[in-house]
Amino acid sequence: MTNDLPFCAPATPPGVGGISVIRMSGRYAIAVADRIFCVLRASDSAVKSVADMPGYTMSFGRIFEPGSNRIIDEAVLSVFRAPHSYTGEDMVEISCHGGTAVRQEVLRVLCENGARPADPGEFTKVAFLSGKIDLTQAEAVMDIISAESAEALRVSEIQLLGALKNEIRAISEKLYDIFAQLEMLVEFEEEDEAITRNQAELRLRDYLDRLSTLEDSYAKGRLLSEKMTVVLAGVPNSGKSSLLNRLAGYDRAIVTPIAGTTRDTLEVSTSIRGVPVRLIDTAGLRETADEIERLGISRAYDAAKEADLLLWLVSSADCATDDGEPEWIQSHFSQFEEVANIIGDRRLAILISKSDLVNEQQAERMLDSIVSAIQSGGLGEKIRFSGVVSAYTQEGIHIIVDAVKDIYDSTGMTGQSELLLMNNRHFEQIRKAKDKVNQAIISLSDQTPTEVSCSLIRLAMDDLGEITGDSVSDTLVDTIFSRFCIGK
Ligand SMILES: Nc1nc2c(ncn2[C@@H]2O[C@H](COP(=O)(O)OP(=O)(O)OP(=O)(O)O)[C@@H](O)[C@H]2O)c(=O)[nH]1
Ligand SMILES: [Mg+2]
């Protein structure tokens with residue numbers, strides 16, 4: 001019975017604001033709204049109650065508590081009639097004043113008059129179950145809400161329009177074609193069996209390529225969904241925390257002239273040229289007997305392992321300004337070497353920090369000698385970016401900004417397609433499907449009975465169906481939507 005009750009929830013965030021929107025969806029949503037809303041003004045004088053309101057119209061009126069007739073708030077109520085609503089069911093949206101008590105009272109009278117509180121993501125789940133959107137579009141809705149950068153938003157919007165769904169369904173349909181032909185072969189044992197198996201194999205190779213393109217795009221999509229990890233590392237006092245604060249735009253980290261100020265790793269989320277970034281400040285690396293500092297340093301190495309871009313800072317104050325080998329090389333090269341070795345082939349930037357303390361020529365000379373020391377240490381190929389920066393004057397900040405954009409642009413191959421996989425679930429399903437298509441190709445090319453390829457193709461289609469929701473278990477659907485927010 002409760003399943004028949006319309007469900008309701010605030011669609012706007014908690015807290016105080018001009019307006020709050022409360023949504024309600026279900027077969028009896030309009031009947032419930034009618035019990036608690038009195039129409040005062042509508043676009044058409046024939047509209048006397050919510051039940052009279054056509055879809056896509058609004059009325060101004062009062063929300064009241066039936067029984068006591070107590071007025072709760074003045075509000076604007078919009079009606080959407082099935083199937084022309086977000087969920088595909090009848091829906092009502094109430095725009096009331098944006099206060100905590102108002103919101104609670106409106107929800108209370110709705111629930112006392114035939115509605116129930118919505119589960120997280122229930123509106124979108126019903127939209128999916130009623131076939132208004134597929135699972136990739138439902139997930140795109142959540143990605144749009146949680147997008148923290150222009151690029152993540154852009155890619156999610158493309159997915160919401162159905163680009164991923166269309167590509168997956170197109171591949172699935174083609175697989176089905178081959179599956180059907182091979183089944184015929186099994187049933188009727190045609191004479192030109194070898195030719196058909198050959199053709200099937202060739203066509204499967206095409207679809208394998210399309211799946212690979214999607215799979216490869218995840219490298220870039222992951223940077224959007226999980227954010228690009230940019231780690232600031234260096235010896236104590238090299239200016240890491242000051243640069244983090246500068247990039248974040250506020251004083252997140254404590255900065256002092258005392259070497260060893262930052263003990264723990266510290267993270268800030270920001271967006272650089274539309275790319276979402278996790279900036280991680282770390283403890284300065286040095287030999288130490290201090291147990292707490294040692295733990296911090298070990299976390300700094302862990303952060304370095306995760307870095308998509310590692311900014312290695314060398315303070316201009318640690319470099320001798322006169323000719324000869326910079327002091328930094330003698331005293332700090334081992335720390336650098338250790339980090340450079342653990343970041344593998346990930347991207348490294350060498351930055352001379354505090355450039356405002358020296359003149360341009362001195363700074364360039366320092367950079368040159370540090371870079372040549374790194375090259376002669378055999379680690380030259382690790383350096384992808386280099387330059388001179390100052391957290392004080394902002395000199396060289398563009399080097400970091402450009403590096404982030406460069407890494408984003410050069411990650412993953414997207415071909416001509418705008419389509420990017422951003423979701424790990426989709427990526428895993430594509431991998432599984434690809435693996436089965438690959439096995440089907442192998443079994444078609446040897447003497448394995450055709451039935452085996454048929455069942456592999458069928459399984460690959462099921463894997464793809466889990467992405468769009470065409471073949472998905474109720475449990476998985478529940479798990480996916482439980483991560484959504486209430487009211488969406
Ligand atoms: N002149 C100048 N001083 C700077 C600059 N950046 C940082 N400093 C100073 O250098 C000192 C150390 O800066 P931090 O940002 O705390 O350095 P850190 O690398 O985080 O140091 P630890 O946390 O100890 O590893 C502070 O006194 C800063 O004010 C800069 O761009 N120019
Ligand atoms: Mg610091």
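The values are calculated or read from the model by the stated rules, or taken from the named source; none is laboratory data. All of these numbers come straight from a predicted model, not from anything done at the bench. Please note: Cβ atoms are built from the backbone with ideal geometry, for glycine as well, and neighbour counts cover all protein chains shown.
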Limited to the stretch 259-275, what total is found for residues that are within 11 Å of ligand 1 (Cβ to nearest atom) and part of a strand (DSSP E or B)?
1
Would you please name the residue that is nearest to V314 (Cα to Cα), looking only at residues in the stretch 216-258 that are away from ligand 1 (no atom under 15 Å from the Cβ) and small (G, A, S)?
G249
Looking at (1) small (G, A, S); (2) within 10 Å of ligand 2 (Cβ to nearest atom); (3) surrounded by fewer than 24 Cβ atoms within 10 Å (Cβ to Cβ), can you tell me which one A248 breaks?
(2)
For the stretch 350-453, list the helices (runs of 4 or more DSSP H) that sit wholly inside it and hold at least 2 residues that are under 30 Å from R483 (Cβ atoms); which are they?
397-410, 424-445
Residues in the stretch 403-425: is at least one closer than 25 Å to L279 by Cα, outside the structural domain of I383 (by TED's automatic domain parsing), of a type in the set (G, A, S) and at pLDDT 95 or above?
yes
Can you tell me which condition R278 does not meet? The list is (1) away from ligand 2 (no atom under 15 Å from the Cβ); (2) touching a residue at least 12 places away in the same chain (Cβ under 8 Å); (3) assigned to a loop (DSSP other than H, G, I, E, B), and all the others hold.
(3)
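Quick one: which strands (runs of 3 or more DSSP E) sit completely within the stretch 42-117 and have at least 2 residues that are over 17 Å from G18 (Cα atoms) and in contact (Cβ under 8 Å) with a residue 60 or more places away in the chain?
91-98
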